[in-house]
1. Of all residues in the stretch 157-174, count the ones that are touching a residue at least 12 places away in the same chain (Cβ under 8 Å) and closer than 20 Å to Cys243 by Cα.
2. Filter the stretch 278-294 down to the residues that are modelled with pLDDT under 95 and either touching a helix residue (DSSP H, G or I) at 6+ places or on another chain (Cβ under 9 Å) or not in a helix (DSSP H, G or I) (or both), then identify the one that is surrounded by the most Cβ atoms within 10 Å (Cβ to Cβ).
3. Any idea which residue in the stretch 149-165 is nearest to Met250 (Cα to Cα), counting only those that are surrounded by 11 or more Cβ atoms within 10 Å (Cβ to Cβ) and over 20 Å from the mean Cα position of the chain (by Cα)?
4. Check Gly118, Gly86, Gly122, Gly99 and return the single one that is at pLDDT below 95 and either under 16 Å from the mean Cα position of the chain (by Cα) or within 18 Å of Arg27 (Cα to Cα) (or both).
5. Give the residues of the stretch 162-188 that are over 30 Å from Phe272 (Cα atoms) and in contact with a Leu (Cβ under 7 Å, 6 or more places away or on another chain), sorted by residue number.
6. For the stretch 209-267, name all the residues that are in a helix (DSSP H, G or I) and among the aliphatic types (A, V, I, L, M).
7. Just to be sure I understand the filter: pairs with C-beta atoms under 7 Å, separated by 6 or more residues or on different chains, first member in the stretch 193-212 and in contact (Cβ under 8 Å) with a residue 12 or more places away in the chain and surrounded by 18 or more Cβ atoms within 10 Å (Cβ to Cβ), second member acidic (Asp, Glu) and not in a helix (DSSP H, G or I). Which pairs pass?
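The values are calculated or read from the model by the stated rules, or taken from the named source; none is laboratory data. Since this is a predicted model, take the numbers as computed values, not measurements. When we count neighbours, we look across all protein chains shown, and the Cβ atoms used for this are built from the backbone with ideal geometry, even at glycine.
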Amino acid sequence: MKHQSLTHPCAVDHRAYTAETAPNAERFVNTWVPFRTRPWASLTILHGLGDHGGRFNSIAVSLASTGIGVLAIDLLGHGRSPGRRGIIASYDAMIDEVGNAANLASRIWEDTPSFVFGHSMGGNLVLNWAIRRRFEAHSIEGLIAVAPMLKLAKMPRPHYLKVGRWLEKRWPNLRVSAPVDVRQLCSDPIGQDAYRRDPYVHRKMSLRLGNALLESGEWALEHADQLNQPCLLMHGSDDTLTCPIATEEMARRMGRNASMKLWPNARHDLHFEIQRESVFTYLISWMKEQSGVKQSERRGPSRQAA
């Protein structure tokens, strides 16, 4: 498919606030909505490890300006939400975060086709949520998993994995540093500098969280054929943090429900890459295909035959 460059035909209203996502559970959220225009779809964003929802401002503004309501949540222990950095009670509790965020978006934009988007760790959570909680995810129009953490680009040796599991049983909340070279995130120096300066990012991870992500990534691959919703999987070919080959394998195992897009010469954070406008345009076109928005009703880019 070829896609036209993205245009921004309407103004965007951005709000950042604390919301109750479940009884006695408050999370910091960002919302972006087309100004004085009813959204034709909504998108819930789940960020990656150590990240937060505010770092998705560029993609959210682009999507909202074409008529999509966007909600990005700071997961527990991340960003401006409460909780110790990188600590989780259980992996199931992380899966709960996905459903709670999607329900919040559904309450904000009732009777609107809804999509759920996960990046890196968030992609892991979104895919596992859709498979494990099918009764919750059945109303979702489609899923988007970008650079999902199914496998690391460089997996630890089996001996180290065994030691990690042994340590987790004894000290599950022991936090280890998970440093990242900003050059691994994107090739755009502006995006790299933005990450360095962001006061809300962190690189801490408990043993429980680290092992849970590795195990759940394998589990999602093994059960990929049980995912019933349309799913767009995207990955940068030059990602050295999460594994593009695993994402392609996930798409293959999902079968006809999956659409796979590998972006050449792109790294981990597609929403900060130099070709990000093309990424946003591709995503919007896919969402419109899934939600049945007619060509004449489209506010964003039109599709052209290759």
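1. Final tally of qualifying residues: 1.
2. Val293
3. Met155
4. That would be Gly86, the only listed residue that is at pLDDT below 95 and either under 16 Å from the mean Cα position of the chain (by Cα) or within 18 Å of Arg27 (Cα to Cα) (or both).
5. Correct list: Gly164, Leu167, Glu168, Trp171, Pro172, Leu174.
6. Leu209, Ala212, Leu213, Leu214, Ala220, Leu221, Ala224, Ile245, Ala246, Met250, Ala251, Met254
7. Val201/Asp51
Here is a yes/no grid of residues against (1) under 23 Å from Arg175 (Cβ atoms); (2) touching a residue at least 60 places away in the same chain (Cβ under 8 Å); (3) not β-branched (Val, Ile, Thr):
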| site | (1), (2), (3) |
| --- | --- |
| Ala25 | yes, yes, yes |
| Trp32 | no, no, yes |
| Arg36 | no, no, yes |
| Gly53 | yes, no, yes |
| Ser58 | no, yes, yes |
| Ile68 | no, yes, no |
| Gly77 | yes, no, yes |
| Ile88 | yes, yes, no |
| Asp96 | yes, yes, yes |
